[in-house]
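Participant: My questions all concern the structure below.
The values are calculated or read from the model by the stated rules, or taken from the named source; none is laboratory data. Bear in mind the structure is a predicted one, so any value in this text is a computation, not a measurement. So basically every Cβ, Gly included, is an ideal-geometry build from the backbone, and we count neighbours across all protein chains shown. Accessible surface is based on the protein model in full, side chains and every heavy atom, while ligands, DNA and RNA are left aside. Shrake-Rupley method; radii C 1.70, N 1.55, O 1.52, S 1.80 Å.
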Amino acid sequence: MAHLSDTVWQMLEGSTVTFEIFCVTLVLALPLGVLASLGRLSAFRPVSLLMELYVWLMRGTPLMLQLLFVYFALPMVGIRLPDMAAALLAFTLNYAAYFAEIFRAGLEAVPKGQYEAAKTLGMSYPQTMRRIILPQVIRIVLPPVSNETINLVKDTSLIYILAMNDLLRVARTIVQREFDMTPFLIAGLFYLAMTFVLTWMFKRLEAHYGKYDN
Amino acid sequence: MANTTTDAVMLRMTAIRKSFDALPVLKGIDLAVRCGEVLAIIGPSGSGKSTLLRCANRLESIDSGTIEVVGKTLAKTQGTRAVYAAPEKSREILAHMGMVFQQFNLFPHMTVMENLIEAPMQVKGMKREEILPYASELLEKVGLTGRADSYPAQLSGGQQQRVAIARALAMQPDIMLFDEPTSALDPELTGEVLRTMRELAAEHMTMLVVTHEMAFAREAASHVIFMADGHIVEQGEPKTFFEHPKEERTRAFLQNML
């Protein structure tokens, strides 16, 4: 049994890497996604085109390829990032693009009449966005954001190709060393636990933001 | 708030022209609304009446013409195009007008009371306690005391529209614009909204009302404008207008409405 607890201990360490990537990516990609969606909806053509191109590139190529690019190709042009930073850069850029599309849909779903009502009441654009539009957008985008967030938990496992010791890589190392499949089962349980907590949190958020919807 | 009928012109629109892309919607409109007057604007759909109202408070920009609100110039033709007052000045001028929409446009994520106090707090920087008594008074006026903590989705259409009227009044405008305020309502709910508007008119609020409610125009308006194809076809006192319409176009329209 001492052996099993040892395994679980090593995997907990691996899951801190997973958890770090997850948290930092989320914290950076969400606001970046908001900015990108506003850029995408901008009446200034060059900005909206640039954002469209960005979203197309990020969604049109595999995240794995983007990771490899940041990790191996950027150093060739003199940009050498620490492992963690490289992974975070790729994850953040990728996820911000997906979030941008979600937020764009959310912004477009708020009726024009809401902007007009705020305007006739004398509210400025920033006031209108902060007080009237964004609270409604949040409600609309919570389910798809919840989806993407759960995807992110699992996508973190892609960093095994960068030789970083995340949860899955630790599990695989133990499996290969000891010919015992238990670490894979434990890893599965770890991922399930993380997504379970997230699902619960998003349910609470949806209930909170949906309270007026009856 | 304006409380007496005087000769002061509250809103003057002169030679208003407006096109959507290449389609002309307003082809030279002139109107003046005096303090305490209720101007009813009627006409077939597509006649430009809603656009005219939306031009008054800059939800749409005019191509050319002049808009003056309580003597201040909001827009004026310079050369061939209308030029608007600077943003700060514009905002100040627009604050004289409140608007009620066909689709109510209440903020769905806020309670009735929050809908009322949001703009006074955000725009005027008033404190919650400062605005609450007046907001409660307004709710009582529109007959919705007791619904302060409801969300818009919990109210009927008629109740929502009355909240929308109270919300606009909370900013203490001098002129109220109504854009087909009862068109989205079930027939049995229009009465309560029209009653609220009549009360407002009785208090000498200056009002512009785009409406299909002929009874309201006839009884509550002080002046009626009939629009068709981007022109004012006929206008006058309600009594004369409805009983002795001069233009063939007006007669045909009124025939259809009754």
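Participant: Would you mind telling me which residue in A:Pro144, A:Pro46, A:Pro183 has the biggest mean-square fluctuation in a Gaussian network model of chain A, where springs connect alpha carbons within a distance under 10 angstrom?
Facilitator: The residue with the greatest mean-square fluctuation here is A:Pro46.
Participant: Quickly work out the A:Tyr125-to-A:Phe72 label distance, labels modelled 7 Å from Cα along the C-beta direction, and quote it in nm with one decimal.
Facilitator: Modelled inter-label distance: 4.4 nm.
Participant: I would also like to ask the following. Any idea what the alpha-carbon Rg over 2.2 N^0.38 Å comes to for region A:112-182? Intermediate results must be reported in sequence, preceding the final value.
Facilitator: Values: Rg = 23.0 Å, N = 71, 2.2 N^0.38 = 11.1 Å.
Compactness ratio reported: 2.07.
Participant: With all protein chains present, how much of the accessible area of chain B (probe radius 1.4 Å) comes from carbon and sulfur, to the nearest whole percent?
Facilitator: Numbers: 5290 of 11020 Å².
Within chain B, the accessible surface is 48 percent carbon and sulfur.
Participant: OK, next. Can you pull the semi-axes for region B:99-258, root of five times each eigenvalue of the Cα gyration tensor, sorted largest first, whole Å? Provide the component values of the computation, followed by the final result.
Facilitator: On the way: eigenvalues 217, 50, 33 Å².
Computed over region B:99-258, the values are 33, 16, 13 Å.
Participant: Continuing with this model, one more query. Through the Karplus equation 6.51 cos²θ - 1.76 cosθ + 1.60, θ set to phi - 60°, convert the phi angles of region A:151-160 into ³J(HN,Hα) values in whole Hz; use x for Gly and Pro.
Facilitator: Along region A:151-160, the couplings run 4, 4, 3, 7, 5, 4, 5, 5, 6, 4 Hz.
Participant: Which FRET efficiency, nearest 0.05, do A:Val8 and A:Glu108 yield, Cβ-Cβ r, R0 51 Å?
Facilitator: Numbers: r = 46 Å, r/R0 = 0.91.
According to the calculation, E is roughly 0.65.
Participant: Still on this structure: Residues of region A:168-214 losing 10 Å² or more of accessible area relative to the isolated chain, 1.4 Å probe, heavy atoms only?
Facilitator: Residues meeting the cut-off: A:Lys211, A:Tyr212, A:Asn214.
Participant: Which of the aspartates and glutamates could a cross-linker span from A:Lys203 if the Cα-Cα distance has to be under 18 Å and same-chain partners fewer than 8 positions apart are dropped?
Facilitator: Cα-Cα hits under 18 Å: A:Glu148, A:Asp213.
Participant: Further question: Is the C-alpha gyration tensor of chain A telling us rounded, prolate or oblate? Criteria: a/c under 1.5 is rounded; beyond that, a/b larger than b/c is prolate, otherwise oblate.
Facilitator: Oblate shape, in that a/c is at least 1.5 and b/c is the bigger or equal ratio.
Participant: Rounding to the nearest 10 and keeping the result within 0 to 90°, find how far the Cα-based axis of helix B:187-202 lies from the longest principal axis of chain B.
Facilitator: The angle comes out near 90 degrees.
Participant: What longest region of chain A stays clear of trypsin sites (Lys or Arg not before Pro) that DSSP places outside H, G, I, E and B and that have at most 15 other Cβ atoms within 10 Å? Please list the in-between numbers first.
Facilitator: Numbers: sites that count: A:Arg80, A:Lys211.
The reported range is A:81-210.
Participant: Note the buried accessible area between B and A here, summed over both chains, with a 1.4 Å probe, in Å² to the nearest 100. Please list the in-between numbers first.
Facilitator: Working: alone 12010 and 12580 Å², together 22560 Å².
Looking at B and A, the buried total is near 2000 Å².
Participant: Using every alpha carbon pair in region A:62-170, what percent of pairs falls into each 10 Å bin from 0 up to the bin containing the largest distance?
Facilitator: Cα pair-distance distribution for region A:62-170, in percent: 13, 32, 22, 18, 12, 2.
Participant: Now, a different point. In whole Å, what is the distance between the alpha-carbon centres of region A:116-140 and region B:26-102?
Facilitator: 23 Å
Participant: Now a separate question. Taking each pair of distinct Cα atoms in the protein assembly as shown once, what is the resulting Kirkwood hydrodynamic radius in Å? Before the final figure, lay out the partial values.
Facilitator: Values: mean 1/r = 0.0381 Å⁻¹.
One decimal place: 26.3 Å for the Kirkwood radius.
Participant: Considering only Cα-Cα distances, which of the following residue pairs are longer than 27 Å: B:Lys89/B:Lys124; B:Lys89/B:Lys141; A:Lys154/A:Lys211? Please list the in-between numbers first.
Facilitator: Working: B:Lys89/B:Lys124 15 Å; B:Lys89/B:Lys141 32 Å; A:Lys154/A:Lys211 30 Å.
Those over the limit are B:Lys89/B:Lys141; A:Lys154/A:Lys211.
Participant: Sticking with this one: Once amide H atoms are built 1.01 Å from N in the peptide plane, which residues 5 or more positions from B:Gly28, or in another chain, come under 5 Å H to H?
Facilitator: B:Ile16, B:Arg17, B:Lys18
Participant: Can you pull the percent of region A:2-210's accessible area that's carbon plus sulfur, 1.4 Å probe, other chains left in place?
Facilitator: Here it works out to 70 percent.
Participant: How far apart, in nm, are the 7 Å Cα→Cβ label points at B:Arg218 and A:Met64?
Facilitator: About 7.7 nm, to one decimal.
Participant: Tabulate in residue order the Karplus-calculated ³J(HN,Hα) for region B:104-116, using 6.51 cos²θ - 1.76 cosθ + 1.60 with θ = phi - 60°, rounded to whole Hz; enter x for Gly and Pro.
Facilitator: Residue by residue, region B:104-116 yields 6, 6, 5, 7, x, 8, 10, 5, 3, 5, 5, 4, 6 Hz.
Participant: Calculate, for chain A, the solvent-accessible area per residue in square angstrom, rolling a 1.4 angstrom probe over the heavy atoms of the protein chains. It would help to have the intermediate numbers written out before the result.
Facilitator: On the way: 11540 Å² over 214 residues.
Spelled out: the 1.4 Å probe surface of chain A, per residue, equals 54 Å².
Participant: Sticking with this one: Simple spin-label model, 7 Å along Cα-to-Cβ: B:Leu132 to A:Leu41 in nm?
Facilitator: The two pseudo-label positions are separated by 3.4 nm.
Participant: Just need the Rg to Rh number for region B:1-143, please, alpha carbons only, Kirkwood Rh. Mind dumping the intermediate values first?
Facilitator: Numbers: Rg = 17.3 Å, Rh = 17.2 Å.
Ratio value, two decimals: 1.00.
Participant: Right, another one. Efficiency by 1/(1 + (r/R0)^6): what FRET value for B:Ser90 and A:Trp56, r their Cβ-Cβ distance, R0 = 30 Å, to the nearest 0.05?
Facilitator: That pair, B:Ser90 with A:Trp56, gives E of 0.20.
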